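We did not get these values from a lab; they are worked out from the coordinates using the rules stated. Keep in mind the model is a prediction, meaning the values are calculated, not measured. Glycine also receives a Cβ, built like all others from the backbone with ideal geometry; neighbour counts cover every protein chain displayed.
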Amino acid sequence: MTDRSLHDPQAVKKVANRLRRAQGQLAAVIAAVEGGGDCRQVVTQLAAVSSAIDRAGFAIISTAMKQCITEPDAEDAETSANAPGRLTVEELEKLFLTLA
């Protein structure tokens, strides 16, 4: 199994904070739906949740891209691209597009 986790403690904290904020917003949306809240307000809150989750995803991808750029390259470019734990350009593009 390869290690593809975030290695930057500041990035981990930033992403976790964004996700906690989204979790709180989602709890408010659920409460509004169950409590018969105004449709416009519910949809507005839901859009905020979606945006917060998207921003967390983009932060994860940008951190992964930084890690790929800043990690030392192996002698062989092909070995470097396929090194355990490193995401290929194609994998990063696929991750990015899942959020688009």
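Here is how the numbers come out for the structure above:
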item: Phi-based couplings in Hz for region 16-21 (Karplus 6.51, -1.76, 1.60; Gly and Pro marked x); result: 4, 5, 4, 5, 5, 4
item: Lysines whose Cα lies under 23 Å from that of residue 94, excluding same-chain neighbours fewer than 8 positions away; result: 14, 66
item: Nearest-0.05 FRET efficiency for residue 95 and residue 47, computed from C-beta distance (R0 25 Å); result: 0.65
item: Sorted by Cβ neighbour density within 10 Å, fewest at the top, the residues 40, 55; result: 40, 55
